[in-house]
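Below is one structure, written out as structure tokens; the observations come after it.
The values are calculated or read from the model by the stated rules, or taken from the named source; none is laboratory data. On a predicted model such as this, the values are computed, not experimentally measured, just so you know. Cβ atoms come from the backbone with ideal geometry, glycine included; neighbour counts cover every protein chain shown.
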Amino acid sequence: MNPATLTDAPTSTPETEAFFADLLQAQPVMYGPDPSIVGDHRLAPRTPSEEDALRRVTNDVDLVIASNRLEVICESAKEMLEQIGAAPGAKWGDLTCGLYTASGDLAVATSTGVVVFAVVASPIVKYIVKNWANEPTVGIRPGDLFYHNDAHYGGVHNADQTLFIPVFHEGRLLAWAGATIHEGENGANEPGGLSPSATSPYEEGLRISPMKVGENYTLRRDIVNLFQNHMRDPLLQLMDMRAKLAAAKRIEDRVLEVATEQGGDLVLATLRHQLERTEREVRRRLSEFPDGTYRGITFGDTTLLEDRMIKASCELVKTGDQLLVNMTGSAPAILDRAINAGLPLSKALVHNDLMNFFWADLPRNNGFVSAVDFVIPEGSIFNATKEVPVGLSMLSTMFLHTATHLAMTKMAFNRPGTTEITAPWYAMVQGLFYGGLNQWNMPVANLMTDINAMGGAAHRDRDGEHAAAPFFAALADYGEMEDRETELPLLGLWRKINKDNHGYGRQRGGASVECAYMVHGVPMFALGCMATGAKFPTIPGLFGGYGGPSTPVSVFRAESPEAVRKVMAERPDLVPDSAQQLHATKPFPGTYETRRPTQSAAFYGEGDLWVLQCGGGGGYGDPLDRDPEAVMQDMRDELLTDWVAQRLYHVVHDDELVVDPDATAAARAAERRDRLERGKPYDEFVAGWRRDEPPEGVPYLGSWSWEEPAPAERVTEVAEA
């Protein structure tokens, strides 16, 4: 080559400039998460088709009947999905089905299932509409199937997978049908799809950006095969993709029945009416609360891989029918830990509180969250960017949920009967994740559903419910121990309501379970666990009530399987039925440990044992105001130890658990006098308690500032932004 030609620059022409401009701007190398979609929780503007439909459909009775019918359609599909799904999350209620507007707002969701899915999936549909509708290589046509799991585009975490179908009627896109299941396994660097050890998004398994995976209601086998080759349990992946397709197709078929019978305009008008009516009603109900500023602060105690105090701060500024939720002061994002959360999920936790604990009579849709304003600083643990891992985002948002619940309950306190006033529900996910070959020599990898046994919160007028349900999924099921033993190489030694693991108070929180799993029938099996709350309790109580205790896990490693079998066969009386007894008696030869409930997966041998404690709900009111007979009944029900009855409730009783009324009254009077003696004037207390920096030796993440701008200034800042 002539060197002179290397110095001859090509002549730039309008055609070449246009080509490169199109290449770099209109045709990006990758369509990443769209901040304008992920960050916008408002309802999409009315479309011309919706405007026309609302003008034509004016009979309120028709709208009410249609909305009820659409909700029943979604509920029916969800019940079917729960029956045919293969993942534990499908069988025990960690799923939902919904109907979205043509623009992507979730307008109708199931009345049971996971509430937060009602908010976090809408950005995904909006992404599909924006990027693929007019893209020649993709497009949106009847019978197309779209799929997603990458939480940076929307959703909770990559363990959740969603399938969407566009619903066309007479050539017009009426809606989208969607079905979501917590699948669990997704090929992450630890089995089960939830990896405490992930330090980047690239270790969190297969990340499916919103994409077309089939046409003519048929999944493309090459794409399904690609997904399966990333999974430890490929059969489950195929089965549940088909199950979600069946559920979404059921919704589409029955929605088209409505459109055929009564017209597509009725469907369009009903979906839009549901969204706007819900938003208006949420604002109206907010207007009934007193204006003011309400705050709640909680903490997590681990980043997943080490101990840290992680602050979750929630400030509510309520003015008229406006509610501002401000998370300023919360911990920063941790760039190499999977405990961060994206914007849709952080906002969805506020929606969860409004929906599940305030106004369960309103339909589940995006109207709830659209009625609320947010300040969630970018770069905080609740507004993480796509560069950081988010696989265990639900851990941080669970203690955000508790902070939000505390603030909201204070705001709603003056309206008993209108809203349900409760202490915090237990909020953490003690549950084993697992992987390996089971006793049938089949590959398995997923998550246990022990999280569904969370203890319910104490109410202002009654005790909390035991092992009720997760706070995010009404009517979720805990399942049967026998099913676990049938499907997994695990022997359930015990599952029981645990003593002293709930919050105490005038009304006590509901207790939860302790469960023990022993590896059985295979030489080794991988087990791990993820949660916070080993050293710092996950929830507080309310208005004088106690929070629940810390909930570590216990791990026993057997000296040999034969040694464990020998004890169980020859001395069954020594086999323990609680973690306390396990550590006190040490009946099996081997090693005994108490650990934080975040443990990366490791292989365990036959005879090794894990004991998990799911926590109870918070207490409400002063324990000294609790009926002594109720305390004795809790002791008869083995919910309390005598230490708690005497030291916290100050109830005096005999060996038959008969209360001594006079001695109890005297003990409680003495405690109240002691409180007065221990008490200090408020200013004196603050002066001695307040510190200018975190205590030495406590690794702390989050704001420590004591200076707070006035609420009016804060609202002005948001409005200007």
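A few remarks follow.
- Taking the conditions (1) at negative phi; (2) modelled with pLDDT under 95 in turn, L304 satisfies each one other than (1).
- Restricting segment 429-458 to residues that are in contact with a strand residue (DSSP E or B) (Cβ under 8 Å, 6 or more places away or on another chain) and of a type in the set (S, T, N, Q), the residue that is farthest from P489 (Cα to Cα): N452
- Conditions (1) touching a residue at least 24 places away in the same chain (Cβ under 8 Å); (2) in contact with a helix residue (DSSP H, G or I) (Cβ under 8 Å, 6 or more places away or on another chain): number failed by P196: (2)
- Residues that are of a type outside the set (S, T, Y) and under 36 Å from the mean Cα position of the chain (by Cα) within segment 563-585 comprise V575, P576, D577, A579, Q580, Q581, L582, H583, A584, listed in sequence order.
- Candidate set: segment 129-152, residues that are outside any loop (DSSP other than H, G, I, E, B) and of a type outside the set (A, V, I, L, M, F, W, C); chosen: the one surrounded by the most Cβ atoms within 10 Å (Cβ to Cβ): H148
- Checked against (1) polar (S, T, N, Q); (2) in contact with a strand residue (DSSP E or B) (Cβ under 6 Å, 6 or more places away or on another chain); (3) farther than 22 Å from A338 by Cβ, T162 meets all criteria but (3).
- For segment 379-386, the criterion of being under 15 Å from the mean Cα position of the chain (by Cα), touching a residue at least 60 places away in the same chain (Cβ under 8 Å) and closer than 30 Å to L488 by Cβ is met by no residue.
Here's the yes/no breakdown for (1) modelled with pLDDT under 95; (2) in contact with a strand residue (DSSP E or B) (Cβ under 9 Å, 6 or more places away or on another chain); (3) not basic (K, R):
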residue	(1), (2), (3)
L6	yes, no, yes
P35	yes, no, yes
R55	no, no, no
T58	yes, no, yes
K91	yes, no, no
L106	no, yes, yes
S111	yes, yes, yes
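- Tally, over segment 664-678, of residues that are modelled with pLDDT under 95 and of a type in the set (S, T, Y): 0
- Residue check, F536 more than 21 Å from the chain's Cα centre (by Cα), surrounded by fewer than 24 Cβ atoms within 10 Å (Cβ to Cβ) and not acidic (D, E): no
- Strands (runs of 3 or more DSSP E) completely within segment 345-457 that count 2 or more residues being surrounded by 24 or more Cβ atoms within 10 Å (Cβ to Cβ): 432-437, 443-447
- Candidate set: segment 249-307, residues that are polar (S, T, N, Q) and within 25 Å of A360 (Cβ to Cβ); chosen: the one nearest to the chain's Cα centre (by Cα): T298
- Only one of the numbered conditions (1) modelled with pLDDT of 95 or more; (2) under 25 Å from L447 (Cβ atoms) is violated by M530, and that is (1).
- One residue stands out among those in segment 111-127 that are surrounded by fewer than 24 Cβ atoms within 10 Å (Cβ to Cβ) and either part of a loop (DSSP other than H, G, I, E, B) or among the β-branched types (V, I, T) (or both): the one that is farthest from the chain's Cα centre (by Cα), which is S111.
- For L266: the one exception among (1) surrounded by fewer than 20 Cβ atoms within 10 Å (Cβ to Cβ); (2) assigned to a helix (DSSP H, G or I); (3) in contact with an Asp or Glu (Cβ under 9 Å, 6 or more places away or on another chain): (1)
- Considering only residues in segment 647-665 that are out of contact with any Lys or Arg (no Cβ under 7 Å at 6 or more places or on another chain) and in contact (Cβ under 8 Å) with a residue 12 or more places away in the chain, the one that is nearest to G548 (Cα to Cα) turns out to be L648.
- Failed item, numbered, when R242 is tested on (1) part of a helix (DSSP H, G or I); (2) out of contact with any Leu (no Cβ under 8 Å at 6 or more places or on another chain): (2)
- Only one entry in D500, D483, D461 is of a type outside the set (G, A, S), out of contact with any strand residue (DSSP E or B) (no Cβ under 9 Å at 6 or more places or on another chain), surrounded by fewer than 19 Cβ atoms within 10 Å (Cβ to Cβ) and in a loop (DSSP other than H, G, I, E, B), namely D500.
- Filter pass, S370 being among the hydroxyl-bearing types (S, T, Y) and either without any contact (Cβ under 8 Å) to a residue 40 or more places away in the chain or under 20 Å from S287 (Cα atoms) (or both): yes
- Some residue of segment 218-229 being part of a loop (DSSP other than H, G, I, E, B) and free of Cβ contacts under 8 Å to residues at least 12 places away in the same chain: yes
- Any hit, segment 225-240, residues being of a type in the set (D, E), modelled with pLDDT of 95 or more and within 25 Å of V119 (Cα to Cα): yes
- Note on segment 60-89: residues that are at pLDDT 95 or above and in contact with a His (Cβ under 6 Å, 6 or more places away or on another chain) amount to 1.
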